[in-house]
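Structure, as structure tokens:
The values are calculated or read from the model by the stated rules, or taken from the named source; none is laboratory data. The structure presented is a predicted model; accordingly, all values stated were derived computationally and were not measured. Quick reminder, even Gly has a Cβ in these numbers, built from the backbone with ideal geometry, and neighbours come from all protein chains shown.
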Amino acid sequence: MSTIHFIGGEKGGVGKSVVARLLAQYCIDRSIPFVAVDADASNRTLSRFYADYVRPVDLTSVESIDEIIGFAMVAERRVLVDLPAQSERAIAAWIGEAGVFDLAKECGIDIHFWHVLDHGKDSLAALDRLIARYGHAAQYTVVKNFGRARDFALFDASETRARAEALGATIIEIPELQEGAMGKVDRFDASFWAAAHNDAVGTDALTRMDRHRIKVWLQTNFARIAHLGNAF
């Protein structure tokens, strides 16, 4: 069964593309069939790091956004969609107008939303709207990204978390990658694997400790993704 994974969070700067890159690298390292979709026309972050695997999609074009379903129909695989900020309305309008959930069910395709949180009320409110809109029709993973926030007490104590878990949502924590190391990875437009293993990438900046730190960070995150089981 193919699965479409929408990786969003509605807000800018919460680390949506970092999560998309992690999932892409996880699929590559484990030989899991996938296609990555870069829907962020203003940044194309995913395309910078995983160009060989990425298909661009324009959320303002019906023909273009329809390709997301098409990618899932081609073969049994994961479709990873890196969403831009403030894409909630465009995705909801497309899903409603095209009857995406009905078509996905007919074709044996699961729809999965990844909501990347920061510590604020806006991020929590966006999650609340997401689960209220789609309910049991979709699957959900909530990402507590410690690279963008340190305190998730608001979410942990919220009714939104309780409602999400009642719908079967999984929760994953992404630890922070040391700021200097992450900055160097971004500077060289390197995949996480290349930054950790390829001596030709940023030899003037990435130290052996940087590379080892990235390896440990990847191993930690991959173990947590693997622990999600059928959620990914």
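Among the residues of the range 119-129, which ones are touching a Gly at 6+ places or on another chain (Cβ under 8 Å) and farther than 12 Å from Ser158 by Cβ?
Correct list: Ala126 only.
Working only within the range 126-151, note down all residues that are among the β-branched types (Val, Ile, Thr) and either in a loop (DSSP other than H, G, I, E, B) or within 19 Å of Ser17 (Cα to Cα) (or both).
Kept after step one, since they are among the β-branched types (Val, Ile, Thr), are these residues of the range 126-151: 131, 141-143.
Scanning the range 126-151 gives Thr141, Val142, Val143.
Please verify whether Ala126 is in contact (Cβ under 8 Å) with a residue 40 or more places away in the chain, among the small types (Gly, Ala, Ser), closer than 30 Å to Ile28 by Cβ and buried (at least 17 other Cβ atoms within 10 Å of the Cβ), treating the condition exactly as stated.
Values: in contact (Cβ under 8 Å) with a residue 40 or more places away in the chain: yes; among the small types (Gly, Ala, Ser): yes; closer than 30 Å to Ile28 by Cβ: yes; buried (at least 17 other Cβ atoms within 10 Å of the Cβ): yes.
When the stated conditions are applied, Ala126 passes them.
Just to be sure I understand, how many residues within the range 18-55 are in a helix (DSSP H, G or I), at pLDDT 95 or above and closer than 26 Å to Ala137 by Cβ?
The number of residues fulfilling the criteria is 7.
Just to be sure I understand, how many residues within the range 56-96 are surrounded by 15 or more Cβ atoms within 10 Å (Cβ to Cβ), assigned to a loop (DSSP other than H, G, I, E, B) and of a type in the set (Val, Ile, Thr)?
Total meeting the criteria: 1.
With respect to Asp151, is the statement that it is over 18 Å from the mean Cα position of the chain (by Cα) and under 23 Å from Ser61 (Cα atoms) true?
For Asp151, the condition - over 18 Å from the mean Cα position of the chain (by Cα) and under 23 Å from Ser61 (Cα atoms) - is not met.
Could you please find all residues in the range 11-35 being in contact with a strand residue (DSSP E or B) (Cβ under 6 Å, 6 or more places away or on another chain) and closer than 14 Å to Phe232 by Cβ?
Taking the range 11-35 and keeping what is in contact with a strand residue (DSSP E or B) (Cβ under 6 Å, 6 or more places away or on another chain), we get 14-17, 19-20, 23-24, 27, 34-35.
The answer is Val19, Ala20, Leu23, Ala24, Cys27, Phe34.
Would you please name the residue that is farthest from Gly229 (Cα to Cα), looking only at residues in the range 162-193 that are surrounded by 14 or more Cβ atoms within 10 Å (Cβ to Cβ) and of a type in the set (Lys, Arg)?
Ranking the qualifying residues of the range 162-193, first place goes to Lys184.
Kindly evaluate Ala195 against the criterion of being in contact with a helix residue (DSSP H, G or I) (Cβ under 6 Å, 6 or more places away or on another chain) and in a loop (DSSP other than H, G, I, E, B).
On the way: in contact with a helix residue (DSSP H, G or I) (Cβ under 6 Å, 6 or more places away or on another chain): yes; in a loop (DSSP other than H, G, I, E, B): no.
When the stated conditions are applied, Ala195 does not pass them.
How many of the residues in the range 97-123 are small (Gly, Ala, Ser), over 26 Å from Ala162 (Cα atoms) and surrounded by fewer than 17 Cβ atoms within 10 Å (Cβ to Cβ)? Break it down into steps so the answer makes sense when it comes.
To start, the set of residues in the range 97-123 that are small (Gly, Ala, Ser) comprises 98-99, 104, 108, 120, 123.
With over 26 Å from Ala162 (Cα atoms) added as a condition, the list becomes 98-99, 104, 108.
Keeping just the survivors that are surrounded by fewer than 17 Cβ atoms within 10 Å (Cβ to Cβ) gives 98-99, 108.
Residues meeting the conditions: 3.
Would a scan of the range 153-168 turn up a residue that is within 20 Å of Asp118 (Cβ to Cβ), outside any helix (DSSP H, G or I) and not acidic (Asp, Glu)?
Within the range 153-168, the first condition is being within 20 Å of Asp118 (Cβ to Cβ), and the residues that meet it are 153-165.
With outside any helix (DSSP H, G or I) added as a condition, the list becomes 157-158.
If we keep only those that are not acidic (Asp, Glu) as well, we get 157-158.
Checked the range 153-168: at least one residue is within 20 Å of Asp118 (Cβ to Cβ), outside any helix (DSSP H, G or I) and not acidic (Asp, Glu).
If you take the residues of the range 1-27 that are charged (D, E, K, R) and surrounded by 22 or more Cβ atoms within 10 Å (Cβ to Cβ), which of them is farthest from the chain's Cα centre (by Cα)? Working first, answer last.
The initial filter retains those residues of the range 1-27 that are charged (D, E, K, R), namely 10-11, 16, 21.
Cutting the leftovers down to surrounded by 22 or more Cβ atoms within 10 Å (Cβ to Cβ) gives us 10, 16, 21.
Working: Glu10: 12, Lys16: 6, Arg21: 7 Å.
Taking the candidates together, the pick is Glu10.
Being at pLDDT 95 or above and of a type outside the set (D, E, K, R) is the requirement here; does Ala162 meet it? Quick ask: steps written out before the conclusion?
On the way: at pLDDT 95 or above: yes; of a type outside the set (D, E, K, R): yes.
Yes; evaluated as a whole, the condition is true for this residue.
Here's a check for you: in the range 111-125, which residue that is part of a helix (DSSP H, G or I) and within 18 Å of the chain's Cα centre (by Cα) is farthest from Leu22 (Cα to Cα)? Full working, then the answer.
Our first condition is that a residue be part of a helix (DSSP H, G or I); within the range 111-125, this holds for 121-125.
Narrowing further to those that are within 18 Å of the chain's Cα centre (by Cα): 123-124.
On the way: Ser123: 21, Leu124: 23 Å.
Once the filter is applied, the top-ranked residue is Leu124.
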